[in-house]
Amino acid sequence: MAAEAVPAAAQTTPPEEVARIVRTGIERVRSASSLHMVKTAESDNSSPTVMDLRMVAGKGSRTSVREGDFAIEEIVIGKDLFSRDGRGPWERYAVDPEHPSMSSGDVDGIPTYAQVLYEQAAHPEALTIVEPIEIDGVRCFGVQKGTLIAYFTPGDHGYLRRWTQRTPITHLTTDITELDKPIDLKPPTGL
């Protein structure tokens, strides 16, 4: 049986540094005042579903979801929910406190897939270091736990930049493209 190649990063990154990168990167996302996240779900037998989310902590969000010809947009500002299908007219609703919108402005819930990595950082030897990849010109450090792979931007202000997960029928990719950038949250015009 041939030995598996060990990524160069695994040979030079001590476990305590892996733990620091993972925890700091996830905490940086959770503490952000705003974020822009794009999640893509692809399968062999359908069009990709793309969710584009811009969120301001404690204030609200703008979300669009597209799959083929289907599209929905949603704006949440405080307790107001504005929604429309495709390019149809906007409708206004109240956010149900019992069932808040998935984009209600709670950055703490992002990223749920990475929670297992955050918890695993207490035992970084259980994480597999994967080869770094370049995302938008930045070389990102990667770790894997089962089918979940997460990549982190470098440095003291590094953050969870991408995570992927492959199931037998779906491949999910989530990118956090911006943190702490201004996001315009205004009700749609004409309401």
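The values are calculated or read from the model by the stated rules, or taken from the named source; none is laboratory data. The shown structure was predicted, so the numbers you read here are calculated from the model rather than taken from an experiment. Quick reminder, even Gly has a Cβ in these numbers, built from the backbone with ideal geometry, and neighbours come from all protein chains shown. These area figures cover heavy atoms from the full protein model, side chains too; ligands, DNA and RNA do not enter into them. Shrake-Rupley method; radii C 1.70, N 1.55, O 1.52, S 1.80 Å.
Some points to look at:
- Complete set of residues in the range 27-57 that are hydrophobic (A, V, I, L, M, F, W, C) and either over 19 Å from ARG162 (Cβ atoms) or under 11 Å from the mean Cα position of the chain (by Cα) (or both): VAL29, LEU35, MET37, VAL38, MET51, LEU53, VAL56, ALA57
- Filtering the range 61-94 to residues that are closer than 19 Å to SER34 by Cα and hydroxyl-bearing (Ser, Thr, Tyr) leaves SER61, THR63, SER64.
- Selection of the range 149-163 for residues being assigned to a strand (DSSP E or B), open to solvent by 20 Å² or more (accessible area, probe 1.4 Å) and out of contact with any Gly (no Cβ under 7 Å at 6 or more places or on another chain) yields only ARG162.
- Tally of residues being in contact (Cβ under 8 Å) with a residue 40 or more places away in the chain and part of a loop (DSSP other than H, G, I, E, B) across the range 50-88: 3
- Scanning the range 166-183 for residues that are closer than 12 Å to HIS36 by Cβ and either in contact with a Cys (Cβ under 9 Å, 6 or more places away or on another chain) or open to solvent by 60 Å² or more (accessible area, probe 1.4 Å) (or both) turns up GLU178, ASP180, LYS181, PRO182.
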